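Enquirer: I have a structure I would like to understand better, so I am pasting it below and will then ask my questions one at a time.
The values are calculated or read from the model by the stated rules, or taken from the named source; none is laboratory data. Because the structure is predicted, anything quoted here is derived from the model rather than measured. Please note: Cβ atoms are built from the backbone with ideal geometry, for glycine as well, and neighbour counts cover all protein chains shown.
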């Protein structure tokens with residue numbers, strides 16, 4: 001019993017250290033746009049389901065439009081006149097992915113509510129389908145989840161290490177530029193001081209003060 005419980009507990013602990021599923025409740029106004037963003041690494045699977053919750057606004061039944069864009073502005077999903085929908089993609093760029101929703105029907109009422117279930121990485125995998133396809137269950141399935149979690153955490157650490165190296169390079173370049181600017185400023189001050197001294201000497205000589 002303890003042996004079968006340990007992998008599940010370890011998996012739960014690992015999942016707390018990494019991005020996974022996130023459920024968001026959005027209140028869409030009659031006019032305007034509501035957006036949700038998530039910073040995601042490259043080569044990560046993203047799966048999201050969205051649906052209008054008519055229970056909160058029973059008198060109106062509008063439809064919504066959704067647009068998901070990558071950090072560089074590329075459209076990865078676009079849908080109109082929807083009440084429910086899903087988008088799934090594998091990220092090719094690192095950065096903030098933006099999902100925007102707005103009411104696009106003539107019937108807007110007082111707005112509507114939308115539920116967004118956003119899953120990233122290991123949380124986006126359909127483990128039931130994988131278990132049936134590969135005929136695994138129990139401890140073996142939990143170990144497979146642990147393996148996927150460890151791999152995802154490893155990729156996260158490599159990504160953070162690369163970002164740290166990139167930020168260090170930018171910081172070093174900035175410090176180098178500041179140092180050169182300081183030297184240049186000091187040189188300009190010295191030249192200006194010498195010119196002022198030369199000008200004052202000439203002025204005093206003309207006035208026969210020296």
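Enquirer: What do you reckon, is residue 172 at pLDDT 90 or above and assigned to a helix (DSSP H, G or I)? Can you show your working first?
Expert: Working: at pLDDT 90 or above: yes; assigned to a helix (DSSP H, G or I): yes.
It is true that residue 172 is at pLDDT 90 or above and assigned to a helix (DSSP H, G or I).
Enquirer: While we're on this one: Please give the number of the condition residue 99 fails out of (1) modelled with pLDDT of 90 or more; (2) within 19 Å of residue 156 (Cα to Cα).
Expert: Exception for residue 99: condition (2).
Enquirer: Just to be sure, is residue 139 assigned to a helix (DSSP H, G or I), over 17 Å from residue 41 (Cβ atoms) and in contact with a helix residue (DSSP H, G or I) (Cβ under 6 Å, 6 or more places away or on another chain)?
Expert: Details: assigned to a helix (DSSP H, G or I): yes; over 17 Å from residue 41 (Cβ atoms): yes; in contact with a helix residue (DSSP H, G or I) (Cβ under 6 Å, 6 or more places away or on another chain): yes.
It is true that residue 139 is assigned to a helix (DSSP H, G or I), over 17 Å from residue 41 (Cβ atoms) and in contact with a helix residue (DSSP H, G or I) (Cβ under 6 Å, 6 or more places away or on another chain).
Enquirer: Follow-up. Looking at region 60-113 only, could you name the residues that are over 15 Å from residue 46 (Cβ atoms), under 22 Å from the mean Cα position of the chain (by Cα) and without any contact (Cβ under 8 Å) to a residue 12 or more places away in the chain?
Expert: 73
Enquirer: Where in region 17-113 are the strands (runs of 3 or more DSSP E), entirely inside, with at least 1 residues that are within 25 Å of residue 149 (Cα to Cα)? Reasoning before the result, please.
Expert: On the way: elements: 21-28, 34-40, 45-53, 64-69, 75-82, 84-90, 95-103.
Counting at least 1 such residues, we get 21-28, 34-40, 45-53, 84-90, 95-103.
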